[in-house]
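The values are calculated or read from the model by the stated rules, or taken from the named source; none is laboratory data. As the structure is a prediction and not an experimental result, all values here were calculated from the model. Cβ coordinates were reconstructed from backbone atoms using ideal geometry, including for glycine residues, and neighbour counts include every protein chain displayed.
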């Protein structure tokens, strides 16, 4: 990772978001530097997911812009997405594919194809040893979430992770694993944005935004 | 980039192989619709020979319509589509891969079985090749045009009916030229002109439709 800790990577400038008639948030500014964690809090329906979707470029803000290394992400497109891992609310897991196949597809789409050995290793790290070749249909909710998050163990080189409720449906052990992955990643100088209801104990430099329901 | 292209095709074919009922439904629909016509219009060989290309083409069109809705729906529902939108590969390429896989699953079987169905209509055997070739060139165009409609109506309530209204008029040129190829061949004019036109339509749609569908996907997933 070429970046020194402390260089600004993701900037939100005067973001406004209106969904339908409802104003979710307005005049939101933040700067995320490398090595920093941004935790977005707020009640259900306060616009956390919308903010994440704006930050990764899936949703166009009503006003304002998001910049990556000084450039608007809507202009950068693939150049930005090549450096981003987004694990959304939906797991992007296909029922008819095995856990290993699902992970392989996810990595290839992200532009970093992985060998079966690395994929097996990532799944083991998330506590899915023995489930590699089971179709996702027979996995539990938590195991599916773990499969989706196993991508993180293969994405050390991506300088930005955006995670929507990563700890939902996970048991205590898995929460621990994922927190370790995030802490490791931050110590490598990457930036992480996440939403969570859990008081995570990641001690790295953490910013906090709380969205209010208006 | 090619790795992602191949991966998406491989994935979609693998999914279809593990859920083969989807493929069979489209194929059986095609076979049944085509077989209804001889029963309905009566066993007059001259009449059947005349209507054969048109009937087979209309049935192929409806069958490909039937499969369209599934093109992006399951990826949209489980979040894979978001990952494709945020992928390292330009979205148009990913869409092209999906359309190709979709054609292999829902179009190619129709092409392969069409000569057998044409025999039900006492269609002259020496022209079966022209009929199959016109379908082989035409059905990918249907998938490509359909992809734009499927992307636009993604996630809408009652999207299925809207999709038909949106896409069927756009299928008309393909239908006229496609069915015209076999008719021209039978009447002794040779179907070459129509086949070349179909080829041109395919090249045009292949170059532009994936990008139009990609733009539509970005809009409908906001």
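Below are the figures for this structure:
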| item | result |
| --- | --- |
| Output for the range B:201-222, where each listed residue is within 16 Å of the chain's Cα centre (by Cα) and without any contact (Cβ under 8 Å) to a residue 40 or more places away in the chain | B:203, B:204 |
| Flag for residue B:38 being more than 22 Å from the chain's Cα centre (by Cα), at pLDDT below 95, under 26 Å from residue B:127 (Cβ atoms) and outside any helix (DSSP H, G or I) | no |
| Criterion (more than 20 Å from residue B:171 (Cβ to Cβ) and surrounded by fewer than 23 Cβ atoms within 10 Å (Cβ to Cβ)) met by exactly one of B:50, B:89 | B:50 |
| Identity of the residue in the range B:123-136, surrounded by 24 or more Cβ atoms within 10 Å (Cβ to Cβ) and under 13 Å from the mean Cα position of the chain (by Cα), that ends up nearest to residue B:195 (Cα to Cα) | B:134 |
| Count - residues of the range A:122-145 that are in a helix (DSSP H, G or I), more than 21 Å from the chain's Cα centre (by Cα) and more than 22 Å from residue B:17 (Cα to Cα) | 0 |
| Residue identified as out of contact with any helix residue (DSSP H, G or I) (no Cβ under 7 Å at 6 or more places or on another chain) and assigned to a helix (DSSP H, G or I) among B:52, B:46 | B:46 |
| Residue that is surrounded by fewer than 21 Cβ atoms within 10 Å (Cβ to Cβ) and touching a strand residue (DSSP E or B) at 6+ places or on another chain (Cβ under 6 Å), where the choices are A:120, A:88, A:111 | A:88 |
| Residues being free of Cβ contacts under 8 Å to residues at least 24 places away in the same chain and more than 15 Å from residue B:38 (Cβ to Cβ) - total across the range B:100-126 | 4 |
| Restricting the range B:185-204 to residues that are in contact with a helix residue (DSSP H, G or I) (Cβ under 6 Å, 6 or more places away or on another chain) and under 10 Å from residue B:130 (Cβ atoms), the residue that is surrounded by the fewest Cβ atoms within 10 Å (Cβ to Cβ) | B:186 |
| Index of the failed condition, residue B:105 passing every other in (1) modelled with pLDDT under 95; (2) more than 14 Å from chain A (Cβ to nearest Cβ); (3) surrounded by 22 or more Cβ atoms within 10 Å (Cβ to Cβ); (4) farther than 26 Å from residue A:88 by Cβ | (2) |
| Single residue of B:155, B:178, B:159 found to be out of contact with any strand residue (DSSP E or B) (no Cβ under 8 Å at 6 or more places or on another chain), buried (at least 17 other Cβ atoms within 10 Å of the Cβ) and under 14 Å from residue B:71 (Cβ atoms) | B:159 |
| Subset of the range B:69-94 [outside any helix (DSSP H, G or I), facing chain A (nearest Cβ under 8 Å) and in contact (Cβ under 8 Å) with a residue 40 or more places away in the chain] | B:87, B:88, B:89, B:90 |
| Checklist (1) within 14 Å of chain A (Cβ to nearest Cβ); (2) in contact with a helix residue (DSSP H, G or I) (Cβ under 6 Å, 6 or more places away or on another chain) applied to residue B:135, failing item | (1) |
